[in-house]
Amino acid sequence: MNQPDEQVLLLDDNLRVIGTEAKSRVHSDHTPLHLAFSSYVFNQRNELLLTRRALSKKAWPGVWTNSACGHPMPNEEMSDAVKRRCQWELGLTIPQPQLIDNDYRYFAVDASGIIENEYCPVWFTRTDSEPQPRPDEVMDYSWVPVDRLLAGVSAIPAAYSPWLVGQLARPAIRRALEALPL
C-alpha cells in the first residue's frame, strides 16, 4: 500500500523534473525515468538493517534489499523523504540521513515485466531502535554485518534487489561502508 496521495517526480534524461504521476500508476512495463532514493539504516554495531520485500509488492516481491526505498514528493527535501519513508515503512524515527552517492541511476526488469527506471541517490543513517515494519511493505528483516551482506550478494545476487546489488558495487558506497561508523 502506498502512502496516501503519493506522487512520483518524473525526470527527463538530464534529470530535470518534467511532471508527476501517481506512484500506483508509474511502475509498469513502460516505467518512465523518475526520482527515487535508497536508504541504509545501521545500528550501533554497524550492522545494516536488511529488509525482505513483502510478497504483495508489485515488483521484486520477496527479495532482500536495503533498509527502505521510496520517492520524494513534490517540493519535499530528499532527506525529509528518507525520514518519512523510514517512519512509514519501518516505524523508525531516524536522525538526519547522510547523502552517500548522488549519482546512482539504474534500469531493471522484474520477472513479471515490471520495470524500475530510477535516478536513485543513496543515503545512510542510524537508529537505536528495532523496526516495526508494515507487513504490506516488509515481510522480514535482519541486522546483518556488512561483510556477510557483501559475501551473500556476491554468492547469490538474484536473492537481492537489483538496486542493492548495483549500489554495493559502487566505489562511493564501498568507501562509505569501509568508513563506518558514520
* Within the stretch 25-44, track down each residue that is under 21 Å from LYS83 (Cα atoms) and exposed (fewer than 15 other Cβ atoms within 10 Å of the Cβ). => ASN43, GLN44
* Filter pass, ALA159 being of a type in the set (A, V, I, L, M) and touching a helix residue (DSSP H, G or I) at 6+ places or on another chain (Cβ under 9 Å) -> yes
* Asked: Which one of the conditions (1) surrounded by fewer than 17 Cβ atoms within 10 Å (Cβ to Cβ); (2) in a loop (DSSP other than H, G, I, E, B) does ALA59 fail to meet, given that it meets all the rest?
  -> (1)
* Look at SER129 and say whether it is among the hydroxyl-bearing types (Ser, Thr, Tyr) and either within 29 Å of ASP29 (Cα to Cα) or touching a His at 6+ places or on another chain (Cβ under 6 Å) (or both). => no
* Note down all Cβ pairs under 7 Å where the first residue falls in the stretch 123-135 and is within 13 Å of GLY91 (Cβ to Cβ), the second is among the small types (Gly, Ala, Ser) and part of a loop (DSSP other than H, G, I, E, B), and they're at least six residues apart or on different chains. => PRO131/GLY91; GLN132/GLY91; PRO133/GLY91; PRO135/ALA54
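Rundown of residues vs (1) in a loop (DSSP other than H, G, I, E, B); (2) more than 16 Å from the chain's Cα centre (by Cα); (3) free of Cβ contacts under 8 Å to residues at least 12 places away in the same chain; (4) within 29 Å of ARG174 (Cα to Cα), yes/no style:
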residue: LEU15; (1), (2), (3), (4): yes, yes, no, yes
residue: SER38; (1), (2), (3), (4): no, no, no, yes
residue: ARG45; (1), (2), (3), (4): yes, yes, no, yes
residue: MET73; (1), (2), (3), (4): yes, no, no, yes
residue: GLU76; (1), (2), (3), (4): yes, yes, yes, yes
residue: GLU89; (1), (2), (3), (4): no, no, no, yes
residue: ILE100; (1), (2), (3), (4): no, no, no, yes
* **Options PRO95, PRO157: the member that is without any contact (Cβ under 8 Å) to a residue 24 or more places away in the chain and surrounded by fewer than 19 Cβ atoms within 10 Å (Cβ to Cβ)** => PRO157
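Since every read-out is calculated from the coordinates, none of them should be taken as a lab result. Only a predicted model underlies this, so the values are computations on that prediction, with no experimental measurement involved. Heads up, the Cβs are rebuilt from the backbone with ideal geometry, glycines too, and the neighbour counts pull from every protein chain shown.
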